[in-house]
Amino acid sequence: MADEFLLEVRDLKKYYPVKKGLLRRTVAQLRAVDGANLSICKGETVGLVGESGCGKTTLGRTILRTHRPTEGEILFRKTDGAVVDLAQLEGDALRAVRPQIQMIFQDPQSSLNPRMTVLDIVSEPLVANRLARGDELVERVKFLMGKVGLEVKHLNRYPHAFSGGQRQRIGIARALITNPSLVVADEAVSALDVSVRAQVLNLLSDLQRDFGLTYLFISHDLSVIQHISNRVVVMYVGRIVEVAPTDSLFARPLHPYTEALLLSIPAPDPRRRSTEVFLSGETPSPVKPPSGCYFHPRCKYATDKCKVEAPPLRELEPGRQVACHYAETLELRGVALHS
Ligand code: SF4
């Protein structure tokens, strides 16, 4: 794996105005992404994890520029080696780079147009970006159908004729048809049965090897993240609180929120499940987050300092970053990795 970055996000913010009253005045800001820093190297898989509503989907979509950032930089290395700031691109310049960054959606049922055949669905990005037509287009679709484990003879079928796992394979073929270098997968296996989930995760790993892909894999499910990621980024109320290689993060978390998430993973054997609650309380509203460390109302290690002072994300060890005042002294519990 080369260690030059493919994507580097710097101080990225995405706020939404909260409007009220007849005049629809802005009365507050919803801080969906509140100063995110994140780097992804070519060929790696970075897992982005956090509870529902933590801002991870907004971060993914802001990187893809389906949402316009409020502030910050999204540096992306194009296939010709030039680095562009996606946050600044508009119009034709943005359209030209879009084929290089694609997305796999959570719900293949609703993300595939039921009135289009597989051929039309998978080839649509090629047509929209004028990258291929005619026989060349059909050959490219057939090639990808084979790569994702679908039969070419089903090219003219409609999505309803396929199972959930097969529909997700169609979504993956569609995402890869433009030869992207970065793929953002947002809860890509969450809607699938457990048995199918493992097959699709293995398929994504095979495709990464074959096409040299780089993944930003967004999920609330740490067991899925553990299965596929080289590194993990943990997000809480719009902020990144920990970044670490997957094995170190699972074995020895440095942030109390990561510890709570890990200890909350259900044990596969119901007889070994604990009734202990590791993460109590609600996720705070991103419209009115708590003072100081956003995690302090739920953190069992919090002190008065945590209530007033926000801990910056800092490098504690090579490759490990954490946003906690007491990361050096806390002895947190990890979990065993599943093979
Ligand atoms: Fe907990 Fe304080 Fe660390 Fe925040 S800074 S995670 S409240 S110990």
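Using each residue's phi in the range 151-156, evaluate 6.51 cos²θ - 1.76 cosθ + 1.60 at θ = phi - 60° and report the 3J(HN,Hα) Karplus result to the nearest Hz, with x for Gly and Pro.
The phi angles translate into 8, 4, 5, 8, 4, 9 Hz.
Loop by DSSP (not H, G, I, E, B), at most 16 other beta-carbon atoms within 10 Å: where is the longest site-free stretch of the chain for trypsin sites (Lys or Arg not before Pro)?
Maximal segment without exposed cleavage sites: 158-272.
Can you give the accessible area per residue of the chain, in Å², using a 1.4 Å probe?
That works out to 49 Å² per residue.
Could you give each residue of the range 9-16 its phi-based ³J(HN,Hα) in whole Hz, using Karplus coefficients 6.51, -1.76, 1.60 with θ = phi - 60°, and x for Gly or Pro?
My calculation for the range 9-16 gives 9, 10, 6, 6, 10, 9, 10, 10 Hz in order.
When only alpha-carbon atoms count, how far does the range 187-306 stretch along each of its three principal axes, as whole angstroms with the largest first?
The Cα atoms of the range 187-306 stretch 51, 37, 27 Å along their principal axes.
Relative to the compact-globule scaling 2.2 N^0.38 Å, provide the ratio for the alpha-carbon radius of gyration of the chain.
Compared with the compact-globule rule of thumb, the chain sits at 1.04.
Could you give me the ³J(HN,Hα) list for the range 191-196, computed from phi with Karplus coefficients 6.51, -1.76, 1.60 and θ = phi - 60°, whole Hz, x at Gly and Pro?
8, 9, 4, 4, 5, 6
Can you give me the long-range amide H partners of Ile104? Hydrogens built in the peptide plane at 1.01 Å from N, cutoff under 5 Å, separation of 5 or more residues or another chain.
Amide H neighbours of Ile104, under 5 Å, 5+ apart: Val184, Ala185, Asp186.
Would you please name the GluC sites (Glu not before Pro) within the range 1-68 that are DSSP coil residues with at most 15 other C-beta atoms within 10 Å of their C-beta?
Of the GluC sites (Glu not before Pro), the ones in loops of the range 1-68 whose Cβ has at most 15 other Cβ atoms within 10 Å are Glu4.
Would you mind checking the tilt of helix 118-128 against the longest principal axis of the Cα atoms of the chain, expressed as 0 to 90 degrees and rounded to 10?
Helix 118-128 sits roughly 80 degrees off the main axis of the chain.
Starting from the amide H of Gln29, placed 1.01 Å from N in the peptide plane, find each other amide H under 5 Å away whose residue is 5 or more places distant or on another chain.
Val18
Could you pull out every residue, at least 5 positions away or on a different chain, whose amide H is within less than 5 Å of the one on His67? Hs are placed 1.01 Å off N in the peptide plane, and Pro or chain starts have none.
Counting only residues 5 or more places away or on other chains, the set is Thr62.
Points 7 angstrom from Cα along the Cβ direction at Ser223 and Phe211: gap in nanometres?
In this crude label model, Ser223 to Phe211 measures out at 2.8 nm.
Select from Val241, Val141, Val33 the residue whose mean-square fluctuation is largest in a Gaussian network model of the chain (Cα-Cα springs shorter than 10 Å).
Val141
Kindly identify the range 46-128 as rounded, prolate or oblate by the Cα gyration tensor criterion: order the square roots of the eigenvalues as a ≥ b ≥ c, call it rounded if a/c is under 1.5, otherwise compare a/b with b/c, prolate if a/b is larger, else oblate.
oblate
Distance cut-off 21 Å, Cα to Cα: go down the list Lys56/Lys307; Lys14/Lys288; Lys20/Lys307; Lys13/Lys288; Lys13/Lys78; Lys19/Lys288 and report the pairs above it.
Pairs exceeding 21 Å: Lys56/Lys307; Lys20/Lys307; Lys13/Lys78.
Please work out the Cα center distance from the range 200-250 to the range 38-95, rounded to the nearest Å.
About 16 Å separates the Cα centre of the range 200-250 from the one of the range 38-95.
The values are calculated or read from the model by the stated rules, or taken from the named source; none is laboratory data. As the structure is a computational prediction, the values presented were derived from the model and not from experiment. Heads up, the Cβs are rebuilt from the backbone with ideal geometry, glycines too, and the neighbour counts pull from every protein chain shown. Surface accessibility is based on the protein's heavy atoms, side chains included, excluding ligands, DNA and RNA. Shrake-Rupley method; radii C 1.70, N 1.55, O 1.52, S 1.80 Å.
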